[in-house]
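S.K.: Sending over a structure as structure tokens; questions will come in a sec.
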């Protein structure tokens, strides 16, 4: 079989005197085949796909060597040598592309129809009724409900998952031979991710096109790949059928990558959280010793946070976004409680309400027997010594103009806990604690990698010896091996210092590994809460079940089909001022395992 | 530092330094009369050995006028922009950082000022206060303040929403410390860029005021006054406009280059 695309010895550089982003990459993609290009950030996987579209030049890259042979109707062509006109013909016609961010890859000022028919007009000369009919057909292909209505809508009227379906429909418009998908599900929730993956799989089967799928997530690879190309620092380190890669990886890097991926279900029957497996570390991870008599540290009761929505010419308060709705839970000393849920479920707002970074509407938050919500401005500042926060984006949560030592020292200086050389010693100690070399103290944030920055954020949080740390998606932005290291550091600190973590995450596999207790949030409420084992091994609420079902499993033998998945979109949490929400009532399944009653009837996610 | 002393930064710094030296030292060594002495036989003469930059319609030497005018122009522009930053910075930061009612009140005030053309505003202030050097500075300074305040507010608003500000708040940083440690350094680039651009406009604003008889008073020299005076002779004596025009252009270019490099130097991310 002649491959649709054959990449040979591709080499791409960005500017003089820098290392090549892609050094010597060769692989082929056959018709009807999905090739997953997998690697961590900086591996050159996106640069390879952009080179194939010849879009890399727009970003300052140069293809210095190699051939990229594309099979066209009139014979093969080397894309590396093709001129601008030829490439314009090929892009969007013979090669379609899906980008990562569905929010920004559609133009907000054009209707869906206009954006769908653009390619048809340019490449197929289709206009008017013919183009509209084709657009409708495409929307039906990607299973968008009410396609006729969607044609007239604008991107902002569609949900994230629907927008990504539209992006796929646009890429499919001219029936490309090759579909390039660059991290198409990374920005999406797990339930939507599962649907999009199943959709791409079905379209590939039906049309016989080839798919080049770029991802960093081994679980996604297992769900979608026929063949896998593993990249590391601009080189291909391993290539093979998906089953072989997972069952019998040969390259050390592939082994390490696979080892670092937490797999949902692997903690079955274990009493306490376990550290992550580390790259190159084959010894069995030792579990954290469970506590015999845990005492409560954080008690949240009936916490409710609304955000006002202003509207009308006078910007009056017309409605409320019910971000957190009657949430109650307890976090014990030295333990981790994870809040899981999809974007918009209120898990972040809940964490920020506890710290009063946003003002809650009602309820009570008791930390170590002190009421946070009742505290005045001055007391609150002092109470914040007890509780610190680690943020999601390690690039935005450090001040680019401040030396790292100053940023770690800031909380100590704020509370006058140390000064002069004592302060420097404390800061140096904190750098040791998070395993960063002391000469990093004089550096600025941009000189560090994402994982190192997150260590700085942890050091800053630890500076005032807090009892509680709220980690809001603290490892979501990190590569999987770095993620494992940072998580292990957090668990080590927990064991040594008796810290409590409120761990906010969407990643069920990570949560299963590190939590003592888990709370699942949906539409601002906790729908199910309990010990980790109970939630993962005996989920009761239908939303918890569907969430578990959507999580991709890093095992090519356990693929999900489109028919298995049928999620209803999450309803809007915005309500008029007169709306009076029902109280959260729970049924006790087992000791400490509570399931939300009542709401099941109205918002059942998986009927 | 190495970056600063290479290429663009060096040229920009050199231009700014030379202009400052001329502005400060020229009046000490060159008598005022050199700029006002009229050579009636050589009116509107082109560059000659006697008058290397030529003369104006009254036969005054353009070289001496441009050199001695530097003090007036540079001082007025520098002081006026400094004044607008000194007033606009706290206004903008308070508005952007605290928001709410304070923001609304301050910004409506600024909007009121903005609704007048800057020159008209300066003109009114200057007319009320009376024409002299100090009042010209005050007039231009006040007229430029709303622009600075608006830009600084926008930047402060942007920075105040950054996660590192939230992180610092969670770490118990007070508002004053927050502004000094986190907000100010991060809005500095915008202030530098806007400041250097404002300097150029301030030189021209002074010219406008002088033209209307409210800025520098003849026979004293300022670049703006010279450009205005050249207007009627552009077709027969274009150098009368080119000489002061070049002085303004070179100064502004030097300031912009200097400002760009200063901004880069202050940003740790661009340090090699």
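S.K.: Would you check which residues across region B:246-272 are surrounded by fewer than 17 Cβ atoms within 10 Å (Cβ to Cβ) and either part of a loop (DSSP other than H, G, I, E, B) or more than 14 Å from every other protein chain (Cβ to nearest Cβ) (or both) and list them?
M.R.: Selection gives B:246, B:249, B:250, B:253, B:271, B:272.
S.K.: Just to be sure, is residue A:374 closer than 24 Å to residue A:348 by Cα, in a loop (DSSP other than H, G, I, E, B) and more than 13 Å from chain B (Cβ to nearest Cβ)?
M.R.: Criteria met by residue A:374.
S.K.: Something else: Return yes or no: is residue A:433 in contact (Cβ under 8 Å) with a residue 24 or more places away in the chain and within 14 Å of another protein chain (Cβ to nearest Cβ)?
M.R.: The answer is no for residue A:433.
S.K.: Here's something else I'd like to know. Are there any helices (runs of 4 or more DSSP H) wholly within region B:171-236 with 2 or more residues that are within 30 Å of residue B:127 (Cβ to Cβ), and if so which?
M.R.: The helices (runs of 4 or more DSSP H) meeting that bar are B:184-211, B:223-230.
S.K.: So, one more: Working only within region B:39-61, note down all residues that are surrounded by fewer than 14 Cβ atoms within 10 Å (Cβ to Cβ) and within 27 Å of residue B:76 (Cβ to Cβ).
M.R.: Result: B:52, single match.
S.K.: Could you list all residues from region B:236-264 that are without any contact (Cβ under 8 Å) to a residue 24 or more places away in the chain and closer than 27 Å to residue B:9 by Cβ?
M.R.: Scanning region B:236-264 gives B:245, B:246, B:249.
S.K.: If I ask for residues that are modelled with pLDDT of 90 or more, assigned to a helix (DSSP H, G or I) and surrounded by fewer than 22 Cβ atoms within 10 Å (Cβ to Cβ), which ones from region A:460-485 would you list?
M.R.: A:462, the sole residue that qualifies.
S.K.: Okay, next question. Name the single residue that is farthest from the chain's Cα centre (by Cα) among those in region A:57-100 being over 16 Å from residue A:178 (Cβ atoms) and surrounded by 17 or more Cβ atoms within 10 Å (Cβ to Cβ).
M.R.: It comes out as A:66.
S.K.: May I pose another question? Of all the helices (runs of 4 or more DSSP H) wholly in region B:23-133, which have at least 2 residues that are within 20 Å of the chain's Cα centre (by Cα)?
M.R.: The qualifying helices (runs of 4 or more DSSP H) are B:62-98, B:100-114, B:118-129.
S.K.: Filter region A:326-346 for residues that are crowded, with 22+ Cβ neighbours inside 10 Å and modelled with pLDDT of 90 or more and give the result.
M.R.: Matches in region A:326-346: A:327, A:331, A:335, A:336, A:337, A:338, A:339, A:340.
S.K.: So, one more: From the residues in region A:73-109 that are out of contact with any helix residue (DSSP H, G or I) (no Cβ under 8 Å at 6 or more places or on another chain) and assigned to a strand (DSSP E or B), which one is nearest to residue A:126 (Cα to Cα)?
M.R.: A:91
S.K.: Here are some residues: A:389, A:402. Which one is within 13 Å of chain B (Cβ to nearest Cβ), at pLDDT 90 or above, closer than 29 Å to residue B:161 by Cβ and part of a loop (DSSP other than H, G, I, E, B)?
M.R.: A:402
S.K.: If I filter region A:19-26 for residues that are in a helix (DSSP H, G or I) and in the same structural domain as residue A:202 (by TED's automatic domain parsing), do I get at least one hit?
M.R.: Looking only at region A:19-26, we keep the residues that are in a helix (DSSP H, G or I), and these are none.
Looking for residues that are in a helix (DSSP H, G or I) and in the same structural domain as residue A:202 (by TED's automatic domain parsing), one finds none in region A:19-26, hence no.
S.K.: Does residue B:177 satisfy the criteria of being in contact with a helix residue (DSSP H, G or I) (Cβ under 9 Å, 6 or more places away or on another chain), surrounded by fewer than 19 Cβ atoms within 10 Å (Cβ to Cβ) and at pLDDT 85 or above? Full working, then the answer.
M.R.: Values: in contact with a helix residue (DSSP H, G or I) (Cβ under 9 Å, 6 or more places away or on another chain): yes; surrounded by fewer than 19 Cβ atoms within 10 Å (Cβ to Cβ): yes; at pLDDT 85 or above: yes.
When the stated conditions are applied, residue B:177 passes them.
S.K.: Additional query: Could we say that residue B:168 is more than 10 Å from chain A (Cβ to nearest Cβ) and closer than 26 Å to residue A:454 by Cβ here? Full working, then the answer.
M.R.: On the way: more than 10 Å from chain A (Cβ to nearest Cβ): no; closer than 26 Å to residue A:454 by Cβ: yes.
No, not satisfied.
S.K.: Can you tell me which residue among B:117, B:131, B:146 is away from chain A (no Cβ under 14 Å) and at pLDDT 90 or above?
M.R.: B:146
S.K.: Please give the number of the condition residue A:181 fails out of (1) in a helix (DSSP H, G or I); (2) more than 21 Å from residue A:145 (Cβ to Cβ).
M.R.: Failing condition for residue A:181: (1).
S.K.: Right, next: Checking residue A:416 against (1) within 11 Å of chain B (Cβ to nearest Cβ); (2) part of a helix (DSSP H, G or I), which single condition isn't satisfied?
M.R.: Checking residue A:416 against (1) within 11 Å of chain B (Cβ to nearest Cβ); (2) part of a helix (DSSP H, G or I), the one that fails is (2).
S.K.: Here are the criteria: (1) touching a strand residue (DSSP E or B) at 6+ places or on another chain (Cβ under 7 Å); (2) at pLDDT 90 or above. Tell me which single one residue A:54 does not satisfy.
M.R.: So the condition that residue A:54 fails would be (1).
S.K.: Looking at (1) out of contact with any helix residue (DSSP H, G or I) (no Cβ under 9 Å at 6 or more places or on another chain); (2) in contact (Cβ under 8 Å) with a residue 12 or more places away in the chain, can you tell me which one residue B:216 breaks?
M.R.: Residue B:216 satisfies all of (1) out of contact with any helix residue (DSSP H, G or I) (no Cβ under 9 Å at 6 or more places or on another chain); (2) in contact (Cβ under 8 Å) with a residue 12 or more places away in the chain except (1).
S.K.: Now a separate question. When residues of region A:254-269 are filtered for being surrounded by fewer than 16 Cβ atoms within 10 Å (Cβ to Cβ) and not in a loop (DSSP other than H, G, I, E, B), how many remain?
M.R.: 0
S.K.: Looking only at region A:222-246, count every residue that is farther than 19 Å from residue A:5 by Cβ and part of a helix (DSSP H, G or I) and tell me the total.
M.R.: Qualifying residue count, region A:222-246: 6.
S.K.: Still on this structure, I have one more. Can you tell me which residue within region A:492-509, out of those that are under 21 Å from the mean Cα position of the chain (by Cα) and modelled with pLDDT under 90, is farthest from residue A:367 (Cα to Cα)?
M.R.: Here the answer is A:509.
S.K.: Right, another one. Return the residues of region A:342-356 that are part of a loop (DSSP other than H, G, I, E, B) and farther than 17 Å from residue A:501 by Cβ; say none if nothing qualifies.
M.R.: Answer for region A:342-356, where residues must be part of a loop (DSSP other than H, G, I, E, B) and farther than 17 Å from residue A:501 by Cβ: A:342, A:343, A:344, A:345, A:346, A:356.
The values are calculated or read from the model by the stated rules, or taken from the named source; none is laboratory data. Just so it is clear, the structure is predicted and the values come from calculations on it, not from any experiment. Cβ coordinates were reconstructed from backbone atoms using ideal geometry, including for glycine residues, and neighbour counts include every protein chain displayed.
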